[in-house]
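Since the structure comes first, as structure tokens, the remarks are kept for the end.
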Amino acid sequence: MRGNAGGRRAARLGALATATALVATLAGTTPGHAGPQSDPVTGVQTSASSGQGYLVGRGVADATGEIAEVGMMGYGRLDQQAEGLHTRLRARSFVIVDQATDARVLLVVVDSPMIFSSVHQEVLDRLADEYGDLYDEQNVLLTATHTHSGPGGYAHHLLYNITTLGFHSKTFDAIADGILDSVRRAHDDLAPSTLRLTHAELTDASANRSHEAFGRNPEDERAFFPDAIDPQTTLLRVERQGEPVGAINWFPTHNTSMSGDNRLISADNKGYAAYHWERRVEGVDYLDDATPDFVAAFAQTNAGDMSPNLDLTPSPTPEDRHRTAEIGLRQYRAAAGQLDRPGTPLRGGLDAATVYIDLSDVTVRPEFTSDGREHRTCDPAVGAAMAAGSTEDGPAFPLFAEGDNPLLDAVSDTILYEVSPALRDCQAPKAVAVPIGAMNDLYPWVTERVPVQLVRIGSLHLIAIPGEVTISAGLRLRQTVAEATGADVRDVLVAGYSNGYAHYVTTPEEYDAQHYEGGSTLFGRWELDALRQTAHELATALRDGTEVPVGTAPPDLSDRQLTLQPGVILDTPVLGTGFGDVLTQPRSLYLPGERATAVFSGAHPGNDLHRGSTYVEVQRWHDGEWQRVADDGDWSTTLEWARRGISASTVTVSWDVPADAPDGTYRIRYHGDAKELSGTVRAFTGTSAQFRVATSGHLGH
């Protein structure tokens, strides 16, 4: 797979001269990378068909990072700095073991923008320390829901840490710790279980945001998706003694109902779907360390061109929460509705294999290319259309546009003709805005070496791709694996946003349109076909029980991180108050549907992330004691932080009184942590005045 490394390096260093002026404009768009060190060759984990069934374990844990003064990841906006908390972010793990052979796989779905290689490596290293070779790069699949309202700064590649002013160790640790906690709980929860697979259709939770590019695909693919969306919603449910105790749903829609104007950390629509099923329907208490009775994960598939904004316009901020909940509810209903179906009981063994490829230097054989000729992938390059952004979901830079950029095209062609005609020709028709691969020779900006994984659970096949795959590109990957294994294409899913991040994957035809997705396909026109070729190699290896050369894992970059944003130095209370004092009390009476609010003299939330706990409690007086009815992981609460002067803070806690809230006496509590000049952090609690919640029929009582 390797070419002339010396010639490539010279070309890349030449192209580097064109990048400096343009990279600041692209100060973060979307993220990347893969996993840890490994042996040169690893045998495929294969288990024969078994009548003994499976052991399955489930676990959920808090993976929320910083919620204030940290850049949010996904929209690539320098101005999108977090100012509080809408919902906590969770990691949900499922361990599946074949009782006949003890082969196992671990699936982890994280409410996170991306799974960067930094997280993949850290989690695998910690799993090895704790469990030996039980969980490794071969059988562990980490996937992100791709919320754009999560904190950033946890990548080891510079492009993704520009909008966060460098690396944020607290957020990185919170994500890794949350994943590990969820895995421990799943591992300890293993019990005999039945797995059932069902499919349904969901047609009102996604829209194709790149219709013109999709329309360039062959007629048979357009006929496969007649509405230009992938409506398949797949549910893998876990049953014990005939009762469902967990589920993983896969459905392709971007987790971007919350717009780029949002400033509160949020799990967005997929997080709401999981929250609604677990907490509102099944009664899960996230603040209890025990494994809950029901765990629901809503994972991504090939969502690259699927938008949740059905009118193809970003959601105005006042409507963010309503639209987020509605798209989440639709995914929940489509998933939960499948519990009424008998489904296909999964039988047979568990297989898993992972390889690392240098996506910048793959020779794609003729049988995997659309024109039947051999081609090569390219050094990574950012296109002008990537800088333009996806205008249907987020803002665009004014100097760039999707499709044609005549001025930039001319400048790019002229410069690259002199500096790197090979890169220009390989990336064509992309107008190269930043030859970012050349910049990797001086500092790691984006990943080039990526993991590709195939996991089989009975008849279900998951193709783990470290990027955002369009529905047509996903269909080609699915068909490639289905043809090699004899599987039904419905049972073959692309698990996008998994184990790393390398931006987008489009078909060659979509790439030619150079919309946002094509401009964000970093490795050129033949990137998808390189991944199809790799997926085919994995599928045939699993089918035949042969060994798979793992390749070279990407390097550990943890010692090369830049941190430019200073931490909290000192907290002081608002002048004339003490920490926790209430500056604005709630009203004395609220009706269901109204919003109760209290403002506190607070401190910076970054002093203690309260992972596994809460900053906020809404309490009701019942049976002679104050009982918690909501916390900061609930949809009904928000925490908004604001700096007052140099070192003082105000914290506004809001609670939307649910329609089914019982009459009674309530209060709001805020748990904060203040930092002294000595560095000591001291916890404090503020408590609002009591207030009543009453239905209209009880106002006079």
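What follows is calculated from the coordinates using simple rules that are stated; it is not laboratory data. Not measured: the values here are computed from a predicted model. Counting neighbours? That spans all protein chains shown, and the Cβs are built from the backbone with ideal geometry, glycine included.
Using +1 at the Cβ of each Lys and Arg and -1 at the Cβ of each Asp and Glu in the chain, identify which of ALA228, GLY150, MET439 lies farthest towards the dipole's positive end.
Farthest towards the positive end: GLY150.
For LEU531, LEU609, what ranking results if the residue with the fewest other Cβ atoms within 10 Å of its Cβ goes first? All intermediate terms of the calculation are to be shown ahead of the outcome.
On the way: LEU531 31, LEU609 22.
Sorted ascending by nearby Cβ count, the order is LEU609, LEU531.
Most exposed first by the Cβ proxy, i.e. fewest other Cβ within 10 Å, how do GLU517, GLU219 rank? Let's see the in-between values first.
On the way: GLU517 30, GLU219 7.
Fewest-to-most Cβ neighbours within 10 Å comes out as GLU219, GLU517.
Binning at 5 Å from 0, report for the stretch 306-392 what percent of all alpha-carbon pair distances ends up in each bin.
Each 5 Å bin holds this share of Cα pairs: 3, 9, 9, 9, 10, 11, 13, 17, 15, 5, 0.
For TRP626 and GLN99, FRET efficiency with R0 = 56 Å and r from the beta-carbon atoms, rounded to 0.05? Each step should come with its number before you reach the end.
Working: r = 46 Å, r/R0 = 0.83.
With a Förster radius of 56 Å, E is 0.75.
So for the pair LEU575, ARG365, with labels modelled 7 Å out along Cα→Cβ, what separation do we get in nm?
Roughly 7.5 nm, to one decimal.
At 222 nm, what helix-only mean residue ellipticity would the chain give, in deg cm²/dmol to the nearest 500, using -39500 (n - 2.57) for each DSSP H run of four or more? Before the final figure, lay out the partial values.
Values: 16 runs with 159 residues, N = 701.
Mean residue ellipticity, 222 nm, calculated: -6500 deg cm²/dmol.
As I understand it, the dipole of the chain uses +1 on the Cβ of Lys and Arg and -1 on the Cβ of Asp and Glu, about the Cα centre. Which of ASN302, HIS168, THR552 lies farthest toward its positive end?
The Cα lying farthest towards the positive end belongs to HIS168.
Computed FRET efficiency, Cβ-Cβ of ARG280 and ASP129, R0 45 Å: what is it to the nearest 0.05?
Working: r = 37 Å, r/R0 = 0.82.
Between ARG280 and ASP129 the formula returns 0.75.
So how far, in whole Å, is the C-alpha centre of the stretch 197-275 from the one of the stretch 631-701?
Rounded to whole Å, the Cα centres lie 34 Å apart.
For labels at GLN565 and ARG216 in the simple 7 Å Cα→Cβ model, what's the distance in nm?
Between GLN565 and ARG216, the simple spin-label model gives 3.7 nm.
For THR546, project a label point 7 Å along Cα to C-beta. Then give me every residue of the stretch 343-359 with its amide nitrogen under 17 Å of that point.
352-356
Given N residues in the stretch 582-698, what is Rg(Cα) / (2.2 N^0.38 Å)?
My calculation over the Cα atoms of the stretch 582-698 gives 1.11.
Sorted by average packing, counted as other Cβ atoms within 10 angstrom per residue and highest first, what order do 457-464, 559-566 take? Please report the intermediate quantities before stating the final value.
On the way: 457-464: 24.2, 559-566: 11.8.
Going by the mean number of other Cβ atoms within 10 Å, highest first, we get 457-464, 559-566.
For the stretch 111-145 and the stretch 286-343, write down the distance between their C-alpha centroids in whole Å.
First find each Cα centre; the distance between them is then 24 Å.
Any idea what diffusion coefficient the stretch 622-680 gets from Stokes-Einstein, in µm²/s, Kirkwood Rh on alpha carbon pairs, 25 °C, 0.890 mPa s?
Working: Rh = 14.2 Å.
Translational D for this selection: 173 µm²/s.
At a 10 Å Cβ-Cβ cut-off, how would you order GLU239, GLU212, fewest neighbours first? Mind dumping the intermediate values first?
Working: GLU239 18, GLU212 12.
The order, fewest Cβ neighbours first, is GLU212, GLU239.
Identify all lysines with a Cα-Cα distance to LYS270 below 27 Å; exclude those on the same chain that are fewer than 8 residues away in sequence.
By straight Cα distance, LYS270 reaches LYS170.
With each label point set 7 Å from Cα along the Cα-Cβ vector, what nm distance links LEU310 and HIS322?
1.4 nm
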